[in-house]
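Take a look at the structure set out below.
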Amino acid sequence: MKILQKLILPVLIIAAIFLVYKFYFDKGSELGSFSDFDPNNSAVKEISVQLLIDKGIEQQGGEVSFFTSDRNGKVVQVSGSFMLPDGFETAKVVILRGHLNQSGFHAHEVLLD
C-alpha cells in the first residue's frame, strides 16, 4: 500500500507534463484554420496550410502572391514581401507567419513544413 502511495504523485506529475506538452506545445501535423484569426488584429501568428500551386504564384517587384487552403477548405490569397524558400513550388503544406486582413492573409515569412 505504501508503494502505491509513493507512485501516485510522480505519475500525476508525469501525466500533467504530458498533457501540457500535447495540448499547448505540440502543433501536430494537421492544417490550421483561418477562422482562428481576427481580421482586425495585426498580431503575427503561425498557421499551417495547404498550398494551391495550380492557382499560380505571382512575383512582382518584391511582392509575392499565391493561394492556400485551410483545414475547412477556405481558400485565401496570401501576399507579402518575402523570399520564397527553396522547394516552395513542390511543397504540399507550408507554414505562414503573419496576420489576416480584409483582403487576405499578409505573410511576413513562409516556411516549408
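The values are calculated or read from the model by the stated rules, or taken from the named source; none is laboratory data. Note that this is a predicted model, so its numbers are computed, not measured. Quick reminder, even Gly has a Cβ in these numbers, built from the backbone with ideal geometry, and neighbours come from all protein chains shown. Protein only, heavy atoms only, side chains kept; ligands, DNA and RNA dropped before computing areas. Shrake-Rupley method; radii C 1.70, N 1.55, O 1.52, S 1.80 Å.
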* Can you confirm whether region 88-110 contains a residue that is in contact with a Ser or Thr (Cβ under 7 Å, 6 or more places away or on another chain) and part of a loop (DSSP other than H, G, I, E, B)? => no
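Looking at Phe25, Phe18, Phe88 in this structure, which one is surrounded by 14 or more Cβ atoms within 10 Å (Cβ to Cβ) and among the aromatic types (Phe, Trp, Tyr)? Break it down stepwise before answering.
Numbers: Phe25 fails: surrounded by 14 or more Cβ atoms within 10 Å (Cβ to Cβ); Phe18 fails: surrounded by 14 or more Cβ atoms within 10 Å (Cβ to Cβ).
The match here is Phe88.
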* Is it the case that some residue within region 47-66 is in a strand (DSSP E or B), in contact with a strand residue (DSSP E or B) (Cβ under 7 Å, 6 or more places away or on another chain) and exposed (fewer than 13 other Cβ atoms within 10 Å of the Cβ)? -> yes
* Any residue at all in region 22-31 that is under 27 Å from Met83 (Cβ atoms) and either basic (Lys, Arg) or modelled with pLDDT of 90 or more (or both)? -> yes
* Which numbered condition trips up Phe82, out of (1) modelled with pLDDT under 90; (2) open to solvent by 90 Å² or more (accessible area, probe 1.4 Å); (3) more than 16 Å from the chain's Cα centre (by Cα)? -> (2)
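Look through Asp70, Asp54, Asp36 and report the one residue that is touching a Gly at 6+ places or on another chain (Cβ under 7 Å) and of a type in the set (D, E, K, R).
Asp70
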* To do: Using the structure shown, decide if Lys74 is loosely packed, with under 14 Cβ neighbours inside 10 Å and out of contact with any Pro (no Cβ under 7 Å at 6 or more places or on another chain).
  => yes
* Asked: Do we have any residue at all in region 19-35 that's within 11 Å of the chain's Cα centre (by Cα) and part of a helix (DSSP H, G or I)?
  -> yes
